[in-house]
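Enquirer: One structure, pasted below without further comment.
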Amino acid sequence: MTALLEPTPDGFLRGGEKHLVISGAIHYFRVHPEQWRDRLRRLVAMGCNTVETYVAWNVHQPTPETTSFTGIADLGRFLDIAGEEGLDAIVRPGPYICAEWENGGFPGWILRDRNLRLRVSDPDYLALVDAWFDLLIPVIASRQASRGGNVIMVQVENEYGSYGDDKAYLAHLRDALRERGIDELLVTSDGPARMWLTGGTVEGALATVNFGSRTLQVLEMAERELPGQPQMCMEFWNGWFDHWGEEHHTRTGETAAVELADMLDNGMSVNFYMAHGGTNFGMSAGANHHGTYGPTTTSYDYDAPIAENGRLTEKFRAFREVIAQHRQLPALEEHLAQLGLDAEPAALPAGEVTIDRTVALRGTERFTRSAEVYPKPPSFEDLGLERGLLRLSREIEITRNDGEGGPSIAPLKLYDLHDRAWVYIDGIYAGACGSHSALGLGPDEQDPATLDFSHLAERLLPDGGHRTVRVEILVENLGRINFGPSLGERKGILGGVWQIIRFLNDWEADAWPLEDMADELVALAAGAPAVEPGAEDDVTLPVLVQASFEAGEQADAFLDISGAGHGVAYVNGFCVGRYWNIGPQQSLYVPAPVIREGRNEVLLLDLEKQPTRLALVEEHIFGGRTTGR
């Protein structure tokens with residue numbers, strides 16, 4: 001069949017008519033499904049004629065035995081709604097997507113095979129991809145323009161020139177798409193220079209480029225390196241994302257609109273990355289490693305023109321003015337009325353969230369139950385644990401040594417720790433350590449990560465000598481790396497736990513899939529004694545905090561967690577996401593469909609401190625200074 005979108009030296013033709021693709025990225029898996037239509041209409045209001053989305057493999061296949069295309073994973077419904085709203089669609093099925101998403105979209109379970117090589121012509125890897133594409137691609141193919149749908153473009157892999165140059169691998173993916181029924185235009189996307197394009201392009205797929213500035217220079221390069229074809233910016237980086245512990249990123253609409261005007265005035269099609277960033281709900285945020293490990297925040301607002309809660313920003317208005325010079329658009333207020341949209345979505349008013357009860361999780365069955373024993377600490381992938389915490393437990397012998405510097409106990413050394421470990425000895429919180437900069441305190445620590453117990457010598461061994469104690473280690477996955485040479489990172493204490501002269505073996509290992517544990521945690525909190533006000537943190541941590549607030553209507557909310565430490569938050573059983581007082585994010589967006597009229601239940605699992613205050617605020621709080629990009 002003939003593709004609807006035809007590339008020519010003078011630009012795209014759509015059904016034979018000259019056409020500029022003006023697209024915006026909205027990832028269905030970062031938006032509550034009940035808000036998909038609202039966000040897509042806001043894209044229409046900005047003047048876009050197309051929506052683009054990645055497909056996150058790990059959203060659809062959390063285990064090898066489970067495949068879902070329902071709820072937040074209902075890609076078909078998202079594309080159908082986009083079509084109903086008059087939008088064409090660009091789909092980027094990966095299997096690798098980057099996207100600051102956990103593991104670049106790859107399920108963690110495929111990493112059980114330690115010999116598996118990602119993103120190359122490894123037969124075992126390609127067999128997994130082919131099996132996944134057998135399930136995924138029919139969902140996309142059936143919604144192509146050639147079959148009466150709205151999909152006009154499908155991408156082969158993603159920014160492959162930033163990873164490898166295995167042309168046979170790209171050809172395999174190209175052919176896999178065609179063999180499964182994709183007959184619309186195939187494309188690739190890579191960085192804006194020859195060094196990226198030479199690795200990431202493949203015959204039979206139109207090359208596009210990704211960039212955020214210096215448009216005229218990129219156009220000059222593209223005319224030289226990609227002659228005789230329409231030019232397209234597949235990712236116009238008009239904002240940026242945040243890592244925990246760094247400043248919040250912003251970019252003015254004025255400077256970004258200048259770049260957009262240069263693109264459209266020169267006939268270059270564009271896809272805004274992001275048009276609406278959305279939220280890394282649960283623990284789905286990925287991480288980067290450029291010298292230091294940087295986990296991404298729960299908010300993926302991206303300083304996009306359509307904010308995390310759907311608010312239309314000044315950047316939105318600046319972009320719309322530029323687009324209106326190339327597409328006929330109604331006046332904004334008229335257009336919003338036609339679409340049934342408010343520029344500022346309703347939000348719950350500011351107010352206190354009552355902390356009803358705090359309990360010590362250490363005193364519950366989750367800490368005391370026995371678990372299967374492994375000769376060395378298993379990885380998350382060994383246990384089929386995608387995200388969350390892993391509790392390792394066993395008895396060890398400790399000895400007090402008295403010297404000139406005072407009493408000491410030999411430390412535990414955690415080899416190849418990914419990412420952070422919280423250690424408890426006989427009911428006492430001993431401290432946290434990390435082999436990355438996951439502590440938010442500076443450069444990476446040296447491997448092994450070391451946990452010293454000398455500060456507890458007087459409490460644990462007041463009379464000197466030695467004794468046996470129970471050690472529990474909570475290992476936290478802060479997000480698998482999603483970009484670069486460390487992609488495919490496994491989680492856990494991968495090298496083992498060392499004490500003085502030898503490895504410690506035979507660890508009980510208990511997986512905590514926190515995203516799915518809301519009901520269990522509520523039950524644990526209900527059955528445990530409350531922590532008395534002023535109780536010492538080192539005895540009570542980690543804590544479960546039950547809180548509540550009243551809502552007069554179902555509307556968006558922003559939960560201020562600046563008085564908490566570090567952990568995971570749930571609202572009415574929905575895992576909103578990770579929080580961390582190192583910032584910059586100091587509040588969590590709670591989408592309106594999660595809110596109930598009347599009483600709403602909040603639950604925190606805090607690893608670091610007993611929260612002193614929770615509240616609702618009317619907009620996001622970002623701590624620290626901001627930085628432009």
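Enquirer: Tally time: how many residues in the range 376-413 are among the basic types (Lys, Arg) and out of contact with any Gly (no Cβ under 8 Å at 6 or more places or on another chain)? Spell out the reasoning first.
Expert: Filtering the range 376-413 for residues among the basic types (Lys, Arg) gives 376, 387, 391, 394, 400, 413.
Narrowing the set further to residues that are out of contact with any Gly (no Cβ under 8 Å at 6 or more places or on another chain) leaves 391, 394, 413.
Residues in the range 376-413 being among the basic types (Lys, Arg) and out of contact with any Gly (no Cβ under 8 Å at 6 or more places or on another chain): 3 in total.
Enquirer: It is to be established whether one or more residues within the range 344-355 are of a type in the set (A, V, I, L, M) and within 30 Å of Leu494 (Cβ to Cβ).
Expert: No; the residues of the range 344-355 include none that is of a type in the set (A, V, I, L, M) and within 30 Å of Leu494 (Cβ to Cβ).
Enquirer: Go through the range 583-604 and give me each residue that's surrounded by fewer than 18 Cβ atoms within 10 Å (Cβ to Cβ) and on the phi < 0 side of the Ramachandran plot.
Expert: Residues satisfying the conditions are Pro593, Arg596, Glu597, Arg599, Glu601.
Enquirer: List pairs: first in the range 108-126 and part of a loop (DSSP other than H, G, I, E, B), second of a type in the set (A, V, I, L, M), Cβ under 7 Å, 6+ apart or cross-chain?
Expert: Leu116/Ile110; Leu118/Leu487; Ser121/Ala168; Asp122/Leu116
Enquirer: So for the range 355-378 (the condition being surrounded by 22 or more Cβ atoms within 10 Å (Cβ to Cβ), of a type outside the set (A, V, I, L, M), touching a residue at least 60 places away in the same chain (Cβ under 8 Å) and outside any loop (DSSP other than H, G, I, E, B)), does at least one residue qualify?
Expert: Yes, that holds for at least one residue.
Enquirer: Still on this model: Does Glu235 satisfy the criteria of being at pLDDT 95 or above, in a strand (DSSP E or B) and within 26 Å of Asn288 (Cα to Cα)?
Expert: yes
Enquirer: Is it the case that Leu607 is crowded, with 22+ Cβ neighbours inside 10 Å and at pLDDT 95 or above?
Expert: no
Enquirer: Would you pick out the residues in the range 170-195 that are buried (at least 20 other Cβ atoms within 10 Å of the Cβ) and more than 17 Å from Val154 (Cβ to Cβ)?
Expert: If the condition is that a residue be buried (at least 20 other Cβ atoms within 10 Å of the Cβ) and more than 17 Å from Val154 (Cβ to Cβ), then Pro192 is the only one that fits.
Enquirer: Hey, does the range 291-306 have a residue that's surrounded by fewer than 21 Cβ atoms within 10 Å (Cβ to Cβ), modelled with pLDDT under 95 and either more than 23 Å from the chain's Cα centre (by Cα) or within 30 Å of Cys575 (Cα to Cα) (or both)?
Expert: Checked against the condition, which is being surrounded by fewer than 21 Cβ atoms within 10 Å (Cβ to Cβ), modelled with pLDDT under 95 and either more than 23 Å from the chain's Cα centre (by Cα) or within 30 Å of Cys575 (Cα to Cα) (or both), the range 291-306 yields at least one hit.
Enquirer: Any residue at all in the range 495-508 that is outside the structural domain of Ile409 (by TED's automatic domain parsing), assigned to a strand (DSSP E or B) and either charged (D, E, K, R) or exposed (fewer than 15 other Cβ atoms within 10 Å of the Cβ) (or both)? Let's see the steps before the verdict.
Expert: Going residue by residue through the range 495-508, those that are outside the structural domain of Ile409 (by TED's automatic domain parsing) are none.
No, the range 495-508 has no match at all.
Enquirer: Going residue by residue through the range 267-283, is there one that turns out to be part of a helix (DSSP H, G or I) and closer than 30 Å to Val522 by Cα?
Expert: No - not one qualifying residue is present in the range 267-283.
Enquirer: Restricting to the range 557-584, give me the number of residues that are part of a strand (DSSP E or B), of a type in the set (Gly, Ala, Ser) and free of Cβ contacts under 8 Å to residues at least 60 places away in the same chain.
Expert: The total comes to 2.
Enquirer: Also: Residues of the range 18-68 being part of a strand (DSSP E or B) and touching a strand residue (DSSP E or B) at 6+ places or on another chain (Cβ under 8 Å), which ones? Show your work before the answer.
Expert: Looking only at the range 18-68, we keep the residues that are part of a strand (DSSP E or B), and these are 18-19, 22-26, 50-54, 63, 66.
Those that are part of a strand (DSSP E or B) and touching a strand residue (DSSP E or B) at 6+ places or on another chain (Cβ under 8 Å): Lys18, His19, Ile22, Ser23, Gly24, Ala25, Ile26, Thr50, Val51, Glu52, Thr53, Tyr54.
Enquirer: Within the set of pairs 6+ apart or on separate chains, which have a first residue in the range 134-159 that is part of a helix (DSSP H, G or I), a second that is surrounded by fewer than 18 Cβ atoms within 10 Å (Cβ to Cβ) and among the aliphatic types (A, V, I, L, M), and C-beta atoms under 6 Å apart?
Expert: Ser146/Met1
Enquirer: Of the residues Leu216, Leu185, Leu197, which is more than 19 Å from Pro95 (Cβ to Cβ), under 29 Å from the mean Cα position of the chain (by Cα) and touching a residue at least 40 places away in the same chain (Cβ under 8 Å)?
Expert: Only one candidate passes the filter, namely Leu185.
Enquirer: May I pose another question? Anything in the range 1-22 that is touching a residue at least 12 places away in the same chain (Cβ under 8 Å) and farther than 21 Å from Ser142 by Cα? List them, or say none.
Expert: Pro7, Thr8, Pro9, Asp10, Gly11, Phe12, His19, Leu20, Val21, Ile22
The values are calculated or read from the model by the stated rules, or taken from the named source; none is laboratory data. Model, not experiment: these values are computed from the prediction. For neighbour counting, all protein chains shown are included, and Cβ atoms are generated from backbone atoms with ideal geometry for every residue, glycine included.
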